[in-house]
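Taking it in order: structure first as structure tokens, then the write-up.
What follows draws every value from the coordinates through simple rules; no lab data is involved. Just so you know, these numbers come straight off a predicted model, no measurement behind them. With ideal geometry, Cβ positions are generated from the backbone for all residues, glycine too; neighbour counts draw on all protein chains shown.
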Amino acid sequence: MIQRFLNSQTKSISSASLILAISYLVSAVLGLIRDRLLAGTFGAGNELDVYYTAFTVPDFIALILIFGAIAAAVIPIFSGYLIKSKEEAWEYVSRLFNVFLGFLIIVCLILIIFTPAIVSLIAPGFSGDKKELAVMLMRIMFLSPIILGASNMISGILQVFHRFLVTAMAPLLYNLGIIIGILFFVPKFGLAGLAWGVVLGGVLHLLVQIPAFFFSGFRYKASFNYKDEGVKKTIKLMVPRSLGLGAGQLNTIATTAIASTLMSGSIAVFNLANNLSSILVNAVAVSVSTASFPAMSMAFLKDEGDEFLRKFSSIFRQIIFLVVPLSLLLLILRAQIVRVVLGVGKFGWADTKLTTACLGILALNLIAQALILFLSKTFYAAHNTKIPAIISGVTVIFNILLSLLLVWLVRFSAGFNFFLQDLLRLGGVANIGVIALALAYTITAVLEGSLLLYMFCKKFPKLHVKEISDSLYKIFFASFIMFVLTFIIRQILGSIISLQTFWGVFFQLIVSGTVGVLTYALATHLMKSPENKAIVDSFLKKFLYPVK
């Protein structure tokens, strides 16, 4: 029974999207538990600054050396081999594993040696014990790219075989590993326990997928041929993608570097707010685009131009349909979300106000973030990795310059500082420099998403524009109705219940959020939104009225 569960296949994009979305939502719940434990245990201070800083470079390595290869090259190239011969396809995977993981191990060993210099570069505001802790944690976390590199390559291959269920379980176990680290490793090993929890999460992420990987047909061969045509083609396709991802990750590194020079806890506040906002993107955009990527790659490979654009239009509209109302709900209920999720233990009132303000700003870029994820993958499916890479490179430079400018304005322009404090209700908070970083991050995301959409429309002029615009009208109108009603309900509840207790705030959050979701669902139903109907037909009827 366990074998059948792990090896089950999901044929339709909608069903695969549902599985991945549920997985990301469950993973998000675990992520919220993780962040609540981190906030309550450490507060927004030096410890979490060190923890999030230690993540940056290992994540950067994993992104440019492995994740880029999977999204841009491994799935399309493996699919191409699979059409011709299964044996050739699996030989390609073996050679790729050996070359990439061998190279990754060497890179990580070199970086472990030079970690002190790296920390000095990416966190110039760290010194003394804070710097030494960051070096120790980063060295441990350099094990993570190696483990997750292997695991994510396996995930990509399993998705070609529509084994989305087992790949969906991997992120859950990753977060579970980190939670185990917080609960059991930190009391014994101190802050180093957090890093070992990350490593444990990576190991669990890998182990759960290995049985399905071998069941799909993989047989390891000790072939280390970096001149192989498939490996060379993978490198050729992944380099622009990796540069684009690397540029995107440089945004995070640059933000960390600037935040390290601000008030203690600024790195933690930004990351906690960003985690809360990215839950929506992961649950919707990542799940839908991941589920659709193999099918879109195959449509492009078979030269089915109209089918490719039809799939794009459908998925684009589904993402907008889900992300627009969720981003508005996050904006209007941001204070309640922060207080419920993070307001515990050492996480103080000033931390809460700063995180709430950052979350409100970051909520404004969720549509752009979702489009960046989806449009980038669409370009990769069309074997075009250069456009996303160039746009990402340009926008990361823009983000760094804008961040420095806004931080300078917050520090030296009393008018700008007062404007932000008054707008975001930050009276009494000593240092609001981190707000400038969230603002720059949001403006940059909107710019990048807009540029990607513009270039896609130029590249594919036969896009179904009228179909998309008709849906957008209904989505935005329904979202406006939802926003107004949710605001009214939030204000009414705030006036009749005590908001000084956890359960009072929790009740306000749940009731207001539920009213908002039901309002949006009803409004889109009454306007006969095709996305609403597609969700009902694909998901609810699948379970309520299954085909015999």
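From the coordinates of this entry, semi-axes √(5λ) of the Cα gyration tensor in Å is computed, and it appears in [x] 42, 29, 21; [y] 54, 23, 21; [z] 35, 31, 23 under the label [z]. Where a Cα-Cα gap under 18 Å defines reach, which aspartates and glutamates qualify for LYS131, not counting those fewer than 8 residues away within the same chain? Output for LYS131: GLU47, ASP49. Helices meeting the span-like rule in the chain (full DSSP H runs, Cα extent of at least 30 Å along the helix axis, mean Kyte-Doolittle score of -0.5 or higher): 13-42, 86-113, 229-259, 305-332, 386-412, 433-459, 465-496, 502-526. Legend: ranking of residues ASP59, ASP306 from fewest to most surrounding C-beta atoms inside 10 Å; resulting order ASP306, ASP59. Subtracting the Cα-Cα distance of GLU307 and LYS528 from 0.36 nm times their residue separation leaves 77.2 nm of extension gain.
Sorting the segments 500-511, 173-184, 96-107 by their residues' average number of neighbouring beta-carbon atoms within 10 angstrom, most packed first, yields 173-184, 96-107, 500-511.
Magnitude of the charge dipole for the chain, about its Cα centre and with charges confined to Cβ atoms of Lys, Arg (+1) and Asp, Glu (-1), is about 860 debye. Using a cutoff of 8 angstrom between alpha carbon atoms and counting only pairs six or more residues apart, the relative contact order for segment 155-267 works out to 21 percent. Stretching PHE476 away from LYS227 to a fully extended chain increases their span by 84.5 nm, per 0.36 nm per residue minus the current alpha-carbon distance. Assuming a ≥ b ≥ c are the square roots of the Cα gyration tensor eigenvalues, decide whether segment 411-548 counts as rounded (a/c under 1.5), prolate (otherwise, with a/b larger than b/c) or oblate. Cα axes put segment 411-548 in the oblate bin.
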